[in-house]
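The block underneath contains the structure these notes are about, expressed in structure tokens.
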């Protein structure tokens, strides 16, 4: 989240899209309800009428996977309205705080020119050469709204195709509903008004999921909604600590603190920094004339990370730092270690061992039948969990996807019993970036141990084994690993914050050094634990000390970065430092200083600062302004409509390019199912009573009582056509497999109001919680899902694929 | 202790059912074995182990979904409570805080409370003991063990959106009126059966009966007759057995009448 949970209450409009907040993030509704009490309008866009829709002021049905058409249409509507009524928008924000005015390379070609793709596509390599996407002047881009190549002009040209009739024709959303949403949401573009976008996996789990979010970002920037109270782009994280685990390198391509995982070309520390740290870009012609380019500190952060892992140096030693840097594993040329590729490599016999730590891919992985069979190829599997998961039990007869009997499966499986959250101590980081300390409440049962204890034992043993074997591969990386904290949570917290060569806590990340003489396990967390104030994740002050009480609660827990509760908050004030929203200011420049939240850089406002030091507000961007035009993504500088990998349509209604040309395609994906054989749009999701792959809920009798069985939701109209009654047993099939479930027949999922490409669109809703172990068992939705994913992140396309359904 | 009430604001409820689980958690009630019957709702009905249950109702207009109703089903804690009136053993009684409490040890398992409740709430279950089959009534206790110690009921404590509120009944009525005015809603429970201790705020557009709430709940005359006339008369007559028989006859007759009316 750019903002945080409590801040939702400040919004004037709440747009929930790709999320069923009421069911999957019930506590968010505390704040949504609060916003409603203050007069906010809540809009829910979803194929299905859910518990969220029931509480929304406007529910708009949409064809699954058509967010870009819908949001692109809103962008187009806003651009037109902006021209007619500029007084209704914050044009100063758009012009001065985004790259709207900057001029792009005149070699750029848009999808309108190239039938659905941008310039630079190498079709065979499925990737783009992004040269023409960059600024005309790559270091000093010029602001010129009149240029045909200004971002604003390109944006208008691109989205002018997204007129209301086209949008309605692609999304299946009634045009009047679409226009009602445009009017309602665009009202947040007024100075002093704010709108928030809340999204979750319904947005991300598409072959163009990243571009879905980019579309939200563009809309929010046009409406001046980033950095302000009640605004932002707010990812509702699916688990209490997903934000924390992402910060700490859950994902394969980033190290802690969003530093790049080194690749084969990063031969030493300086080369790595040169390859990954962006150079500063200074726009010309904006009121601000200085870009802080915070990532220019890249070397300090990677050096401190290496020092955290291999020891703080008492004096600089570049050669030793290079040696240590090279202990880090590197991505081989052309490789991708995301979830689907890992399972392909297990299936190919290349990866021989797997540790599943609180993860259950036999239920949660895409094309789960394939992934379960891949487990059969492993030499060993270690599962660390609270229960015996489907993954841990893949070799048992209960697994319907086994390719061979138990006696013929040679994988050695260990199941290590772990502690639940109440049985261990440490921090979690919530969606709002708040690191909150949790204390242990009860002892764990039996032999269960906390994660840190397990890691500690594992590392101690590995060190012992590597020490004993002089030929062990990359031996020094293990035996030289600095492991001073053992299983002591407090020491781990201290290491994450960072220490100097005297063992003192580093005050904050501005004090980190680029030569290994300071450590920090995650630079973003440097400031959480200080000599003066102790571990601030333990802070529990329930009073909001903000001068306008906008709900920051800054002394409750601690928030990265630097306890800044709303990031990009320098965009919440005008050039003089006066808040756009006088009633709900995040920060304000008063009497020569900033008051309120911790500002995004303490420099004076642009109009107050001297020439040459007028710092632009978006400090994490090399150009200091937010990117409406985002040339860093794999699949285009602006979001463009594509169809899901499996689409009910034969063609893209917007262009001749059907799918995202750079989306991730699993090698073992098979052919997509055709709409003739699989005519309905399937989507997977969660219900409030169950959780993720189900082990933590399907073993609890109270929750099993509430949601006892695997079911699918089918509209009354489709059910009638197929002779399926409410509560009947049905079979759902995709090109990957078939599952059995109980039919919940409902008018909440009737066919879309509008035809799409001349067709009626029916959705089939499939919760994905069930599997073959536990108190409540049932078929797994992911037997049906495909092995394809997003062009940028390779997140699987769980949210739109094709299926057929019939009475069992 | 002052008179208390629970406010259920249907306009704020999102049907998460955390209240249902919190009720079982605090009261140590077991999960029931259920099946998916084509609905999110479960268990199918109140029982001696389910004292609070959320009902879901899809409301359509012109064949499309108009809204999805989430309604609380639990004891209403009436001021003029049919169950208290009908209870022959005085197991059910009015607590000084206004709610309907019960002493399970005194319950004879006769079932009159269930029979006469205008909201169809109390439930009975039989268990085998050394002394034979023992039947006992159970229902929402208003979390008497919490509220008498200054805590709010478990369901209220867990509600994420503030759809459930616990306070003095006067204060709850004020809140309900204010909220109803704000959302063009109606208040239910203020006056019916002498005033309930669970007060509902409902959307004006939605018929209370869609929420499972009778328009005009009444304490059946029979229950009143039993408590106010028959019982004192019975003591005079001294024929407890005869009295029981008379009561049984009347209840059986009432059942037949209800069945005839299709309930």
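Each reported figure results from applying straightforward, stated rules to the coordinates on display, with no laboratory input. Quick caveat: nothing in here was measured; it's all calculated off a predicted structure. When we count neighbours, we look across all protein chains shown, and the Cβ atoms used for this are built from the backbone with ideal geometry, even at glycine.
Worth a mention:
- Exposure proxy ranking for A:81, A:266, A:379, based on other Cβ atoms within 10 angstrom of each Cβ and starting from the fewest, stands as A:379, A:81, A:266.
- For the pair the stretch B:69-125 / the stretch B:7-32, the C-alpha centres are spaced 19 Å from each other.
- Cα-based helix-to-principal-axis angle, B:169-183 vs chain B, degrees rounded to 10: 40
- Simple spin-label estimate for residue A:127 and residue A:731 in nanometres, 7 Å along Cα-Cβ: 4.3
- Taking label positions 7 Å along the Cα-Cβ direction at both residue A:263 and residue A:808, the computed distance is 4.7 nm, reported to one decimal.
- Euclidean distance between Cα centres, the stretch A:448-504 to the stretch A:185-239, Å: 40
- Number of partner chain Cβ atoms within 10 Å, mean per residue of A:57-63: 1
- Gained length - residue A:545 relative to residue A:721, 0.36 nm times residue gap less alpha-carbon distance: 57.4 nm
- Cα shape, chain A, gyration tensor, a/c 1.5 rule: rounded
- Calculated FRET efficiency, residue B:210 to residue A:37, Cβ-Cβ distance, R0 = 30 Å: about 0.80 to the nearest 0.05.
- Near-label residues of the stretch A:524-549 by backbone N, under 20 Å of a point 7 Å along Cα→Cβ of residue A:297: A:524-537
- By definition, a body whose alpha carbon gyration tensor gives a ≥ b ≥ c is oblate when a/c is 1.5 or more and a/b is not larger than b/c, and the stretch A:738-808 fits this oblate description.
- Cβ-Cβ FRET estimate between residue B:120 and residue A:555, R0 fixed at 45 Å, reported to 0.05: 0.35
- Residue list for the stretch A:430-472, given a label point 7 angstrom along the Cα-to-Cβ vector of residue A:379 and an amide N cut-off under 17 Å: A:462, A:465-466, A:469-472
- Computed lengthening from residue A:451 to residue A:608, 0.36 nm per intervening residue step minus Cα-Cα distance: 51.5 nm
- Kirkwood Rh and Cα Rg combined as Rg/Rh, the stretch A:197-353: 1.02
- Which of B:139, B:53 has the fewest Cβ neighbours within 10 Å, and the rest in rising order: B:53, B:139
- Helix-only CD estimate at 222 nm, as mean residue ellipticity for chain A, using -39500 (n - 2.57) per DSSP H run (n ≥ 4): -6500 deg cm²/dmol
- With neighbours defined as other Cβ atoms within 10 Å of a residue's Cβ, the residues A:611, B:21 order from fewest to most as A:611, B:21.
- Between residue A:468 and residue A:668, full extension at 0.36 nm per residue minus the direct alpha carbon distance yields a gain of 68.0 nm.
- Cα gyration tensor shape of chain B, rounded if a/c is under 1.5, else prolate or oblate by comparing a/b with b/c: prolate
- With a simple spin-label model that places each label point 7 Å from the Cα along the Cα-to-Cβ direction, the separation between residue A:408 and residue A:114 comes to 4.9 nm.
- Average beta carbon contacts from partner chains per residue of B:28-39, 10 Å cutoff: 6
- Estimated FRET transfer efficiency when R0 is 60 angstrom, pair residue A:775-residue A:140 (beta carbons, to 0.05): 0.40
- Euclidean distance between Cα centres, the stretch A:302-375 to the stretch A:85-113, Å: 39
- 5 Å binning of all Cα-Cα separations within the stretch A:588-664, expressed as whole percents from 0 upward: 3, 12, 15, 14, 10, 8, 8, 7, 7, 9, 5, 2, 0
- Number of partner chain Cβ atoms within 10 Å, mean per residue of A:700-712: 6
- Modelled label reach - residue A:330, point 7 Å along Cα→Cβ, the stretch A:467-498 residues with backbone N closer than 19 Å: A:473-478
- For the stretch A:461-566, average projected area of the Cα convex hull in nm²: 9.0
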